[in-house]
Amino acid sequence: MDKSIKTYMSQAIDIIKNSKKIYIASHIQPDGDNIGSTLALGMALKKMDKDVSLIKVDHIPKDYLFLPNIELIKEYDITENVDTFIALDSSDMDRLGVGKHFALKANNIINIDHHISNTNFGHINIVSPTSAATGELVYKLINEIGIDMDKDIATCLYTAISTDTGSFMYSNTTYITHLIASKLLQKGIDIERININLYQSRSLERTKLFINCLNSLELFMDNKIGMVAVTQQMLKENNASMEDTEGVVSFIRDIDSVEVAVLLKEMKYDEIKISLRSKKTVDVSKICTKFNGGGHKKAAGCTIYNDISKAKKLILDEIMMALGD
Ligand code: AMP
Ligand code: MN
Ligand code: MN
């Protein structure tokens, strides 16, 4: 383990050991890494007899409802009494949604993340952009504390790592990722059940939306840019919700000529959430940072507060510039 990460972890462990009331939260529009890491750390700290609360900051997508103890993630009233707040997988405080209010009340903030754009907002920052998932860092932390990694914790961590690596396929996957995955398999997790829940349970509504999305594909710059837009109208027509767009953007990136894939999600008329994925050269995190977003080199996001046609133009101009470099 990186020496500075090890040092920060031991400082975090001291703080955790001396804390009674701990809150954990992750970012809005949650994903598998976020939910899996939150549950795993929550279960581990409960084994230390800590009073730990997992804050629900946003709607939990259906895909993750199979995870053990998912009901532990719930809404809490803001309180004065927060010894320690642990932020997971969140590159800045605003991404925490309501969790930010708990963070601001806390005596200590421990920030555990793997986004290159992390702002180091914690008192202790365990930030490692070379980790494939926050789940890898949570795995190491649980081991460093010396808590027994049971099957439920392992299931959540495997989900965290599998989802953030595109089933161990993306370039963020390292030998350490596989070492950790093998340790998790040793705990007797049911990967058939996990994989069916994560990757083979697409609803018919989601499938129809997917087809609709693919029909709206636009290509630019000799097919190097692939763009898909999902409007509220398309959701209505397919009886689907925005979380059903999961997987669309990586599918577009899989087209042989595509270097940058763009998905525009019309959350509201003038609020467009953008997901970018790149294949080899373009740093999409840099592009998203220009719009107050962030992420990783090959997977990033931001929100543009404009109508969908203006948002398309704004993001396209930036991508074209990046590809022209
Ligand atoms: P998404 O396209 O929403 O799946 O996000 C891709 C990656 O970028 C994930 O690691 C997100 O956590 C991160 N990300 C998405 N939106 C933002 C944002 N507004 N600010 C910072 N990071 C983001
Ligand atoms: Mn995430
Ligand atoms: Mn992550």
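The values are calculated or read from the model by the stated rules, or taken from the named source; none is laboratory data. If you're wondering where the values come from, they're calculated on a predicted model, not measured in any experiment. Positions of Cβ are generated from backbone atoms using ideal geometry, with glycine treated the same way; all protein chains shown enter the neighbour counts.
In region 61-103, which residues are among the aliphatic types (A, V, I, L, M) and either exposed (fewer than 15 other Cβ atoms within 10 Å of the Cβ) or under 16 Å from Leu45 (Cβ atoms) (or both)?
Leu65, Leu72, Ile73, Ile78, Val82, Ile86, Ala87, Leu88
Are any residues in region 27-47 within 16 Å of ligand 1 (Cβ to nearest atom) and either out of contact with any Ser or Thr (no Cβ under 6 Å at 6 or more places or on another chain) or over 17 Å from Glu144 (Cβ atoms) (or both), and if so, which ones?
Hits for region 27-47 are His27, Ile28, Gln29, Pro30, Asp31, Gly32, Asp33, Asn34, Ile35, Gly36, Thr38.
Identify all residues within region 173-187 that are touching an Asp or Glu at 6+ places or on another chain (Cβ under 8 Å) and buried (at least 18 other Cβ atoms within 10 Å of the Cβ); write none if there are none.
Thr177, Ile180
Here are some residues: Tyr8, Tyr23. Which one is touching a residue at least 40 places away in the same chain (Cβ under 8 Å), under 21 Å from Glu75 (Cα atoms) and of a type in the set (Phe, Trp, Tyr)?
Tyr23
Just for strands (runs of 3 or more DSSP E) wholly inside region 222-292: which have at least 1 residues that are of a type in the set (Lys, Arg), away from ligand 3 (no atom under 16 Å from the Cβ) and surrounded by fewer than 20 Cβ atoms within 10 Å (Cβ to Cβ)?
Of the strands (runs of 3 or more DSSP E) lying wholly inside region 222-292, those with at least 1 residues that are of a type in the set (Lys, Arg), away from ligand 3 (no atom under 16 Å from the Cβ) and surrounded by fewer than 20 Cβ atoms within 10 Å (Cβ to Cβ) span 260-268.
For residues that are aliphatic (A, V, I, L, M) and more than 16 Å from ligand 1 (Cβ to nearest atom), scanning just region 137-172, find the one that is surrounded by the most Cβ atoms within 10 Å (Cβ to Cβ).
By that ranking, first place goes to Leu157.
Given the conditions (1) at pLDDT 95 or above; (2) part of a loop (DSSP other than H, G, I, E, B); (3) within 15 Å of ligand 2 (Cβ to nearest atom); (4) among the hydrophobic types (A, V, I, L, M, F, W, C), report the number of the one that Ile116 does not fulfil.
(1)
Can you run down the residue pairs with Cβ atoms below 7 Å, 6 or more apart or on separate chains, where the first is in region 121-143 and part of a loop (DSSP other than H, G, I, E, B) and the partner is of a type in the set (Gly, Ala, Ser) and within 13 Å of ligand 3 (Cβ to nearest atom)?
Every condition considered, the pairs that remain are Gly122/Ala87; Ala133/Ala160.
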